[in-house]
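Just below is one structure, and these are the notes that go with it.
The values are calculated or read from the model by the stated rules, or taken from the named source; none is laboratory data. Quick caveat: nothing in here was measured; it's all calculated off a predicted structure. A quick note on method: Cβ atoms are made from the backbone with ideal geometry, for glycine too, and the neighbour counts reach across all protein chains shown.
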Amino acid sequence: MQIKEVARQLNTTTRTIRFYEEKGLIHPIKQENEYRIFTEEDLVRISTILALREIGITINEIKQLLNDGSRSINSYLNIQRSALFEKWLELKDMIATIDQMLERSNDGQTEMSEILELSEHLKNLKSIRKSWEDKWNFDSQAVDYDQNLKMHGYHFNVHQDYTRALKRVVETIQLKKGDTCLDIGIGTGNLGSKFIAHGVNVIGIDQSKNMLHECKKKHPEIDTRNGHFLALPVMDHQIDGIVSSYALHHIEDEQKLMAFEEMDRVLKPEGEICMVDLMFQNKSHRKAVIDHFTNTGNKVAVYSIEDEYYADRSVLIDWFKTNDYQVETYTFNPILSMIYAKKQIEGGSNC
C-alpha cells in the first residue's frame, strides 16, 4: 500500500506519515523509484502512534514504547488501550473536581482557597497515577520467573507458604462458571490460571509486557492486558471478582488506596476482592518484625522489607470497611496475609 492510501485509511496526512518516518517511528519499504510501500503491520503501528499522540504522549516517549521489533499487532493494540484508559481516568478525575467546584460555587460560600485546594488535589491525583516505576525490572525476570520462584532454603524467604496462599485465595473467593475474574499483577499466571478449570473468564493485568507474554504462552485462555493497579484497562462495573498475589507491595502506601478505588470502580455490585501479599498487621507489628531481624543479624530480611512497600494491614481493612465491604483476613506467617473483601449491598448486608 502506498502512502496516499495509508493517509486516506487512517484519516491523516502524508506529511504526518513522513514526519513519523523522519523521527524513526516507522520504517516502510522503499522501492527503487523511492515510493514507500506500507504493510498491514505498518498501518497498525501508525494507528498506534496517532492514538498516542492524540492523548498527548510525546514522540520520544512513543519511540521508547514501540522500540521493540518483537511486538505483535495485539501488542500495539494493548498499548493503545492502556494509554487511552489512563487518559480516560485522568479526564474523570478532572470532571469530578470541576463538579465539586461547581457544587461549592452554587452554595455561594466558595473561597478561592477552596478552589485552589481542589485544583491541587487534582494535580496530586495525576502525579500519583503517573509516579509508579518498575525499579525491579520485571521484564528481565519474566522468562525465568517460575524457575526462580524458590519457596524453601533462603535465610529470608518471601515466598514461604506461596502454594498454600494461592490455594486459599481460590477456595475463598466465590466465583462461578461464567463469572469474570481480574488478576492484577498476574505475572506468569500462577494465580489467575487456577480459575480457568472452573469456567471463569480470566483477565490478567500486568505492566510487564514480558510477563504477559509468558502468561499467554502458558495459558492462552487468559485475556492479557497492559495495565497496572492505578489504571485498570477495564470499564466500570464489569468484574465479578478481583484477585492479586505478591503484587500490592510494589506500590507505595498512598498508591494502594488509589488502587482500591480503581478496584471498586471496575467491580460489580456484590463483587469480591481477594488478595494475598506481604504485609504487617499494623505499625507496631512491623517494628517488632524488623527489630527481630535486626537483632538476629538478618540484614537480607531488613533490606528486602525496606526495599519494597509492605502494607499496613489495618489501614487496608479500614479502607474496605469505610467503603462498605465486609472483610475477613488470614495470616500465613509474620509477613504474609490474605484479605478478602465483599461489597455489601447498599442499605443491606451480605452476612
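The rows are residues; the columns are (1) over 20 Å from Ala83 (Cβ atoms); (2) surrounded by 18 or more Cβ atoms within 10 Å (Cβ to Cβ).
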| position | (1), (2) |
| --- | --- |
| Gln2 | yes, no |
| Arg8 | yes, no |
| Thr39 | yes, no |
| Ile46 | no, yes |
| Lys63 | no, no |
Practice problem: Could you list all residues from segment 167-193 that are surrounded by 20 or more Cβ atoms within 10 Å (Cβ to Cβ) and assigned to a helix (DSSP H, G or I)? | Solution: Val169, Gly192
Self-check item: Residues satisfying the stated conditions in segment 12-43, i.e. in a loop (DSSP other than H, G, I, E, B), touching a helix residue (DSSP H, G or I) at 6+ places or on another chain (Cβ under 7 Å) and on the phi < 0 side of the Ramachandran plot
Solution: Thr12, Thr13, Lys23, Leu25, Ile26, Pro28, Phe38
Exercise. Give just the number: which of (1) of a type outside the set (A, V, I, L, M, F, W, C); (2) surrounded by fewer than 19 Cβ atoms within 10 Å (Cβ to Cβ); (3) at pLDDT below 95 does Lys343 not satisfy?
Key: (2)
Practice problem: Quick one: which residue in Met279, Met263, Met258 is under 27 Å from Ile239 (Cα atoms), within 20 Å of the chain's Cα centre (by Cα), buried (at least 16 other Cβ atoms within 10 Å of the Cβ) and modelled with pLDDT under 95? | Solution: Met258
Practice problem: Find all pairs meeting these conditions: Cβ atoms under 7 angstrom apart; at least six residues apart or on different chains; first residue within segment 244-255 and farther than 13 Å from Leu316 by Cα and in the same structural domain as Thr163 (by TED's automatic domain parsing); second residue modelled with pLDDT of 95 or more and of a type in the set (Val, Ile, Thr). | Solution: Ser244/Ile184; Ser245/Val169; Ser245/Val276; Ala247/Ile184
Quiz prompt | Top-ranked residue in segment 228-246 [being in contact with an Asp or Glu (Cβ under 6 Å, 6 or more places away or on another chain) and in a strand (DSSP E or B); ranked as nearest to Asn333 (Cα to Cα)] | solution = Val243
Quiz item: Looking only at segment 148-178, which residues are at pLDDT below 85 and over 18 Å from Met279 (Cβ atoms)?
Solution: Asn148, Leu149, Lys150, Met151, His152, Gly153, Tyr154, His155
